[in-house]
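None of the figures in this text is laboratory data; all of them are computed from the coordinates on show. Remember, it's a predicted structure, so these values are computed and weren't measured experimentally. Neighbour counts are summed over all protein chains in view; Cβ atoms, including those assigned to glycine, are modelled from backbone coordinates with ideal geometry.
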Amino acid sequence: MSNDYLLRIEDLHLERDGQEILRGVNMAIAPGQVYGLLGRNGSGKSTLAYTLMGCAEYTPSRGRILFAGRDITTLSITERARLGLTLAWQNPARFEGLKVKDYLILGMKEPSRERVEEALAAVALSPLAYLERTVNDALSGGERKRIELAAVYAMRPRLAILDEPDSGIDVLSLDDISQLIQRMAAEGTTVLLITHRDEMVPVTDVAALMCEGEIVRVGKPQAVREHYARHCRPCEVAKPVEVPGGGYERL
Amino acid sequence: MSDFEAILKAYERSGGDPNFLRSSKVASLVISGNRVLGANQVPGVRIEPEEIEHGVRVKVIVEPGTRLDVPAHLCFGVIPAEGVQKILPEFEIGAGAQAEFIAHCTFPNAVNVRHLMEAHIHVGKNATMKYSETHYHGETGGVEVVPKAQVTVDEGGHYSSEFALTTGRVGKLDFDYVVDVAARGVAELTAKAYGYGNDAISVKETIRLNGEHARGLAKSRIAVRDEATSEVMGSTEGNAPFARGHVDCIEVVRDRATASAIPVVRVRDDRAYVTHEAAIGTVNKKELETLMSRGLDEETAVDVIIRGMLEG
C-alpha cells in the first residue's frame, strides 16, 4: 500500500463481549476521496466508525490505524479529533441547555458566526430558526441529525466519518445529504460515508462492502452497488436473526 | 468606596446589572448585612423594610391588578468576611397582578458568613409571580445559606421560582421551599447548584396541589465534584381531582462526590396524576464522546455538559 493515504487501516480486529466484530479490516482512503462503506445492518460498519474515532470500549485487539501517516491506534478521541478526524454520529447525542449556535462552534478552529450560519444552511436549516434552539429532545430526530452534520461540516475536518447520515431521513432529504458531502469534499474534507442505502453510492468515488466484520469487496461505486443489491439485499431478507426472548425472525 | 458602591460592585460580580438598582423607574431593594442601603418603590409596588438585629424584615406588596413592566431587582449581601444576615421577606402579590423579581445574593469575601432567609409569599387569585435568585458565595466555601419559603398560590395563580448557585463555591446550602397550590393554580420550582471542594448541598422542594386542576413541577439540576455532597428531595402531592404534578431531578457526580435523590410522589385523589424521574450518575458517555470528537478535552467537555444542564 502506498503512503499517500489519509487513512489506512491494517488488519483491524475488535472484540466485544467475547465476540469478534471486526475481523481483519483493511482499508485505504486517499485525501479528498468520498469513500462509501456499504453493508447491511449488523455488518460492523458503526463499530468500525467508533473504533476509528477511539471510543471507549472500542479498543482494537489487533491491527493498526494510520492517519496522515501517523499511528493513531492508541490515541484518545480528543487527540484524534485534534489531528482532524471526526465523526457524525448515527444517533446524535442530546444536550440539555446547549444551544445550536454553541454546539456548532465548539469544534471550529476559527469560530465565526458566518461559518455557523453557512453550516446550518448547508443542511437546509434556517439559521434564524435554529441558532437559538437547544440541542435536546425538542428537536426531532431528523433535525438533530442535520445539526450533527452541520457541526461536522463547520469544523472543516480532514476526515469526516459520516455514520449513516441518511438513516431516519426521507428520500427527498437524501439530495441535501448528497450535496453536503459534495460540499465537504470541495472544501478539502475526505469523507468516509457509512450507509446501507445504495442510493447514496453515486456521491462516492470509491465504495467498499462490509460483511460480518470484513471488507469483502472494494472498487468502483457502481460495481459495488450492484453487488450489494444482487447479493446482500437478498441475504438480508433471507438471513434469520435472533430476537430478544428467544426464537428467530426474518429481517 | 461607600457601602452602597461596594454592594453594587458585588452585585455586578454575581451577575446583576447595577443600573437597575440606581434607576428610579425600577422597584428595588438593596440590603448589606442588616442595613437597608436603598429601597425604591414604583406605582403599584410598596417596599417596606425594617432593620432588625442581624438582618432585615421586609414587606413587598404588589397592588391588585398591577403589571410590572420591568422586573423588580433585589440585592442582598454581606461584604465583610464574617457575619450573619437574616432576611425575612413577606411578598403579597395582589389578585390579577403580574410581577417578576430578580434577586442576587452575594457574599464575595465570605470566610464565615451565614445567610438565612425565611420568606412568606402569597400569590393572589389569577396573579403571577416569577422569582429568580442567583447566588455568588466567593471562592472559600465559607458560607452557609439557608433559604426557606412558604408559598401560597390562590386559585388561578402562577408562581415560578428559580434558584441558581452555579458560580464559585457553594459552602453549605440548605434549601427548603414549600408551595400550596389552589384550584387551577400553577407552581414551578427549579433549583440549580454546582458544588465542589467539600460543599454540601441539600435541596427540598415540596409542592402540594390542593385544588382541582392545579399543576406543579419540582425540578432540580445539581452537579457535584471533588468531595462535595448533594441530597435532593423533590416532593409533589396530588390532593385534588385532576391535579397534575411532576418531579424532575438530575444530579451529576464526579470524582469522590456523592449524591442522593428522594423523589416523593403522593396522591390523595384517584383523579390526580403525579409522576417523577430522577437520574444520578456521571455525565452521559455519548454526550462526552461527542464533544471529545469535536476536539474538546475530557475536562472541558464535562464542563460544557454540566454548564448546559445548569444554565438550560
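Computed from Cα positions, the angle between helix A:141-155 and the longest principal axis of chain A comes to roughly 80 degrees.
Taking each DSSP H run with n ≥ 4 as -39500 (n - 2.57) and averaging over every residue of chain B yields -3500 deg cm²/dmol at 222 nm.
Here is the tail figure for region B:3-283: Cα pairs spaced more than 22 Å apart come to 57 percent of all pairs. Among the listed pairs B:LYS86/B:LYS219; B:LYS219/B:LYS285; A:LYS145/B:LYS192, those with a Cα-Cα distance over 28 Å are A:LYS145/B:LYS192. Only DSSP H runs of four or more residues enter the estimate; each adds -39500 (n - 2.57), and after division by the residues of chain A the mean residue ellipticity at 222 nm equals -9000 deg cm²/dmol.
Between amide H atoms placed 1.01 Å from N, distances below 5 Å from B:ALA200 occur with B:GLY171, B:LYS172, B:LEU173, B:THR229, all of them 5 or more places distant or on a separate chain. Can you give the angle from 0 to 90° between the axis of helix A:171-186 and the longest principal axis of chain A, with both taken from C-alpha atoms, to the nearest 10? Taking the Cα atoms of chain A, the angle to A:171-186 is about 80 degrees. With only the Cα atoms considered, region A:74-196 has a convex hull volume of 106 Å³ per residue. Straight-line reach from B:LYS9: taking Cα to Cα under 12 Å and skipping same-chain neighbours fewer than 8 places apart, the aspartates and glutamates in range are B:ASP17.
Give me the Debye-computed log₁₀ of I(q)/I(0) at q = 0.11, 0.15, 0.16 Å⁻¹ for region B:142-226, equal point scatterers on Cα only, no solvent, two decimals. Per q value, in the given order, log10 I(q)/I(0) is -0.33, -0.55, -0.61. In order along region B:77-87, the Karplus-derived 3J(HN,Hα) couplings, from 6.51 cos²θ - 1.76 cosθ + 1.60 at θ = phi - 60°, round to x, 10, 7, x, 6, 10, x, 10, 10, 10, 10 Hz, and Gly and Pro are given as x.
So what's the angle, to the nearest 10 degrees on a 0 to 90 scale, between helix A:113-122 and the longest Cα principal axis of chain A? Once rounded, the angle reads 50 degrees.
Most simply put, region B:3-283 has about 10% antiparallel DSSP beta bridges, counting only bridges with both residues inside it.
Computed log10 I(q)/I(0) for chain A at 0.11, 0.13, 0.16 Å⁻¹: -0.59, -0.83, -1.23, from the Debye equation with unit scatterers placed on every C-alpha and solvent omitted. Put the Cα centre of region B:26-48 next to the Cα centre of region B:51-122 and the gap is 9 Å. For the protein assembly as shown, the dipole from Cβ point charges (+1 on Lys and Arg, -1 on Asp and Glu) about the Cα centre works out to 820 debye, to the nearest 20.
For B:GLN98, the residues 5 or more places off, or on other chains, whose built amide H falls under 5 Å of its own are B:THR66, B:ARG67, B:LEU68, B:THR128. Per residue, the average separation of C-alpha pairs within less than 8 Å and at least 6 apart gives region B:25-167 a relative contact order of 20 percent. Backbone phi angles across region B:272-280, fed through the Karplus curve with coefficients 6.51, -1.76 and 1.60 (θ = phi - 60°), yield HN-Hα couplings of 8, 8, 10, 10, 8, 9, 9, 9, 10 Hz in residue order; Gly and Pro are listed as x. Measuring between their Cα centroids, region A:61-79 and region B:250-310 lie 32 Å from each other.
From the Cα gyration tensor of the protein assembly as shown, with a ≥ b ≥ c the square roots of its eigenvalues, which class applies: rounded if a/c is under 1.5, or else prolate if a/b is larger than b/c, or else oblate? Prolate. Close amide-amide hydrogen proximity is noted between A:ARG133 and A:VAL100, A:LYS101, each under 5 Å apart and 5 or more residues distant or on a separate chain (H modeled in the peptide plane; Pro and chain starts excluded). With θ taken as phi - 60° and the Karplus curve 6.51 cos²θ - 1.76 cosθ + 1.60 applied, the whole-hertz 3J(HN,Hα) list for region A:207-215 is 10, 9, 10, 10, 9, 6, x, 10, 7 Hz, x standing for glycine and proline. Centroid-to-centroid, using Cα positions, region A:116-185 and region A:202-228 are 25 Å apart. Cross-link partners of B:LYS125 among lysines, defined as those whose alpha carbon lies under 22 angstrom from its own and excluding same-chain residues fewer than eight positions apart: B:LYS59.
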